[in-house]
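The values are calculated or read from the model by the stated rules, or taken from the named source; none is laboratory data. Values in this document were obtained by computation on a predicted structure and should not be read as measured data. Heads up, the Cβs are rebuilt from the backbone with ideal geometry, glycines too, and the neighbour counts pull from every protein chain shown. Side chains are part of the model used for accessible areas, which takes the heavy atoms of the whole protein and leaves out ligands, DNA and RNA. Shrake-Rupley method; radii C 1.70, N 1.55, O 1.52, S 1.80 Å.
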Amino acid sequence: MDVWSGLAFGFGNALSITNLGWALLGCFLGTAIGVLPGIGPALTIALLLPITFQVSATGAFILFCGVFYGAMYGGSTTSILLNTPGESGSIITALEGAKMARNGRAGPALFTSAVGSFVAGTIGTLGISFLGPIVVELALKLGPAEYFSLMVLCFVTVSAVLGGSALRGLASLGFGLMIGLIGIDLQTGQPRMTFGVTELLDGVDVVLVAVAIFAVGETLYLAWRHVEGKQEVREVGRLMMSREDWKRSIGPWLRGALLGFPFGVMPAGGTEMPTMLSYYAERKLVRPKYREEFGTTGAIEGVAGPEAANNAAAAGVLVPMLTLGLPTSATAAIMLSAFQSYGIQPGPLLFTSQGELVWTLIASLYIANIMLVVLNLPLVGLWARILKIPTPQLYAGILVFATIGTYGISNSVVDLVLLYGIGIIAMFMRRFDFPQAPVVIGMILGPMAEQALRQAMTISQGDWTTFFTRPISVCILLLALLALVGPRLWTLVAQRRHA
Amino acid sequence: MVRVKPGAGPDLAVGLFVVLLGLICLWQAAIIPVTPLYAQVGPKFTPYLVGGMVTVVGLGLTGVALRGGWSKDLEEMADAPPTNWRALGLLGAGLLVNLLLIDSLGFVFAATAQFVLVAAAFGSRRPGRDLLIGLAVTLGAFLAFDKLLGVDIGAGILEGIL
């Protein structure tokens with residue numbers, strides 16, 4: 001299917017009443033759960049994974065994409081009204097957004113982030129529609145050796161390049177890879193890393209790990225640092241943006257979206273870098289008249305730009321996920337495992353073997369975007385009310401759903417022990433600044449990388465040099481090496497020059 | 001004798017824990033039985049690789065900790081409130097109660113008990129009200145998942161009746 005016939009087919013499918021219903025439900029649930037402080041899109045989708053037992057693949061993925069976009073939007077509401085960002089991508093939004101809210105401009109801040117999300121989401125989805133098939137063309141030329149190198153690159157960028165320290169990132173990645181190794185080796189049937197526990201033979205469920213890290217670990221950490229007292233939710237006030245606000249927002253929206261999307265597409269995914277860059281760019285580009293507002297009363301450019309960058313990057317992450325089967329964010333990793341639970345393997349063949357599903361999915365991304373902007377502006381009062389759920393009951397409720405997400409699937413107390421055990425490790429990871437996403441990515445991508453490695457070695461008949469003699473493979477590996485040592489070499493050179 | 005710089009003790013413990021994790025991985029890799037099946041890359045290779053990497057990274061972290069650690073540079077640690085033992089204790093008790101009761105009493109009762117304890121951990125002073133809210137939340141969740149989605153959340157006293 002080419003792009004246009006694919007889109008035409010997809011829209012035809014996505015506009016059916018059932019699929020529209022799934023999209024609407026996804027947007028609503030995603031926003032509602034995303035608004036809750038501390039809950040991001042990854043945990044939301046993880047908790048909704050049990051749906052895959054009951055619903056058709058198309059319906060479930062339309063729902064997940066609605067949740068994905070909705071949770072992103074909900075996260076910005078929390079950042080603005082409560083100054084507690086639910087995920088790394090909205091930290092920058094909280095910077096200016098919360099200041100605007102404190103000065104009685106919460107309404108325009110929410111409005112500009114809603115429309116900015118829509119603009120960026122649409123640009124991002126356009127990018128997926130047109131870039132996806134091109135990447136697929138290229139990806140079909142890759143063999144297992146190239147795939148393995150690509151996964152190595154992905155490991156390096158998500159763990160060592162992003163975040164505070166390469167060592168801590170690699171430790172997180174290693175932890176995830178170890179969890180991924182647990183269970184029966186698919187090729188030889190040998191049990192690995194099971195410590196003789198029968199329940200571990202099937203491996204550890206990704207939902208369990210995601211819930212342990214994002215729900216249990218987070219709650220434990222919050223209890224560790226808990227201080228009595230109530231958090232203040234800012235009033236929304238007047239929602240509409242003035243003509244001046246519109247004029248000031250359009251540029252940042254477009255710049256943010258164009259900046260964010262490429263970052264999402266690259267294996268060096270993540271939303272932190274593009275949001276940060278967008279913030280600095282807007283602070284530089286703002287008209288002198290408004291420069292004062294940055295960091296004081298809150299500048300609308302500082303909300304519009306990063307929020308658009310955040311959404312465009314999140315959409316961009318879907319490109320490597322759908323076309324290469326490479327998840328570069330925790331959310332994408334969990335969506336990948338949802339595909340696997342339907343027996344579908346994302347990758348270049350997805351566009352041909354599951355063309356209907358892919359194009360319906362892409363079409364419903366456009367629809368979800370429109371739904372969100374229509375749904376969220378009138379409902380902003382409702383979302384603000386969700387924020388008023390008192391903390392004690394909120395966290396107690398989150399842990400109830402954590403139990404359902406694990407015990408509810410397996411009925412095994414061993415899984416609950418694992419959930420709490422990994423949760424405690426995640427609490428310490430929070431305290432000592434170990435990034436969380438590499439754990440989830442390592443656990444999902446690890447087994448796939450091992451399989452690619454073995455296939456490559458079988459094809460080359462045990463010749464290890466295959467990774468260095470195939471030109472594309474060696475290029476990707478060099479890129480990975482550069483990403484790993486480049487930043488360190490750079491600081492070394494810079495220090496020399498200073499000295 | 002190496003002297004640990006003040007404040008770097010916790011970082012050192014973390015570094016050593018990561019080393020331990022890597023060693024456990026290497027140990028588990030070593031005891032994987034050798035397979036008679038033919039494979040270019042056997043089942044032991046990846047566990048050895050991962051275990052080795054984690055051990056090396058752990059040694060690196062230990063080295064950083066011995067040179068003063070990284071916690072002192074964390075922004076979040078600079079103005080972090082002290083450890084809240086009461087909250088952590090109540091929360092831990094909640095998790096433990098859920099773990100011990102869920103097989104015998106079933107999801108609804110075990111999760112409700114957990115709900116009350118966790119709410120108390122975060123400063124709620126009205127356990128009676130929390131009990132009712134918890135019951136409503138767990139019952140609602142049970143009915144939604146069990147009846148609507150067909151997710152079997154185990155058997156218990158109440159679950160058997162419903």
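Tabulated data
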read-out	value
Area buried, chain A against chain B - accessible surface, total, 1.4 angstrom probe, square angstrom	6000
Between helix A:413-431 and chain A: long-axis angle, C-alpha atoms, 0 to 90°, nearest 10	60
14 Å Cα-Cα reach of B:LYS147 towards aspartates and glutamates, excluding residues that sit fewer than 8 places from it in its own chain	B:GLU159
Options A:VAL204, A:VAL227, A:MET240, ranked by Cα towards positive dipole end of region A:187-255, top entry (Cβ charges)	A:MET240
Value of [θ]222 nm, deg cm²/dmol, for the protein assembly as shown, DSSP H segments ≥ 4, -39500 (n - 2.57) each, nearest 500	-23000 deg cm²/dmol
Where labels lie 7 Å past Cα in the beta-carbon direction, separation of A:ASP2 and B:ALA78 in nm	5.7
Options A:ASN411, A:LEU453, A:VAL374, ranked by Cα towards positive dipole end of region A:367-457, top entry (Cβ charges)	A:VAL374
Accessible area of region A:304-432 belonging to carbon and sulfur atoms, whole % at 1.4 Å probe	68
Rg/Rg_globular for region A:139-243, with Rg_globular taken as 2.2 N^0.38 Å and Rg from C-alpha atoms	1.66
FRET E, pair A:VAL55, A:LYS141, Förster distance 30 Å, beta-carbon r, rounded to 0.05	0.30
Given charges at beta-carbon only (K, R positive; D, E negative), |dipole| of the protein assembly as shown in Debye	1800
Greater than 28 Å apart at Cα, pairs in A:LYS99/A:LYS247; A:LYS284/A:LYS388; A:LYS247/A:LYS284	A:LYS284/A:LYS388
For the protein assembly as shown: accessible area per residue (Å², 1.4 Å)	41
Anisotropy class of region A:93-154 from Cα gyration tensor, a/c 1.5 cut	oblate
Under 27 Å from the Cα of B:LYS72 - lysines, other chains or at least 8 residues apart	B:LYS5
Extension gain (nm, one decimal) between A:ARG497 and A:LEU481, 0.36 nm per residue minus Cα-Cα	3.4 nm
Farthest toward positive dipole pole in chain A [+1 Lys/Arg, -1 Asp/Glu at C-beta], among A:PHE434, A:THR18, A:ALA145	A:PHE434
Cα-based shape type of region B:1-153, given that a ≥ b ≥ c are square roots of the gyration tensor eigenvalues and the cut on a/c is 1.5	oblate
Accessible-area value, A:VAL417, 1.4 Å probe, nucleic acids and ligands omitted, Å²	80
Anisotropy class of region B:38-105 from Cα gyration tensor, a/c 1.5 cut	oblate
Acute angle (nearest 10 degrees) that the helix A:330-341 long axis makes with the longest principal axis of chain A, alpha-carbon atoms	50
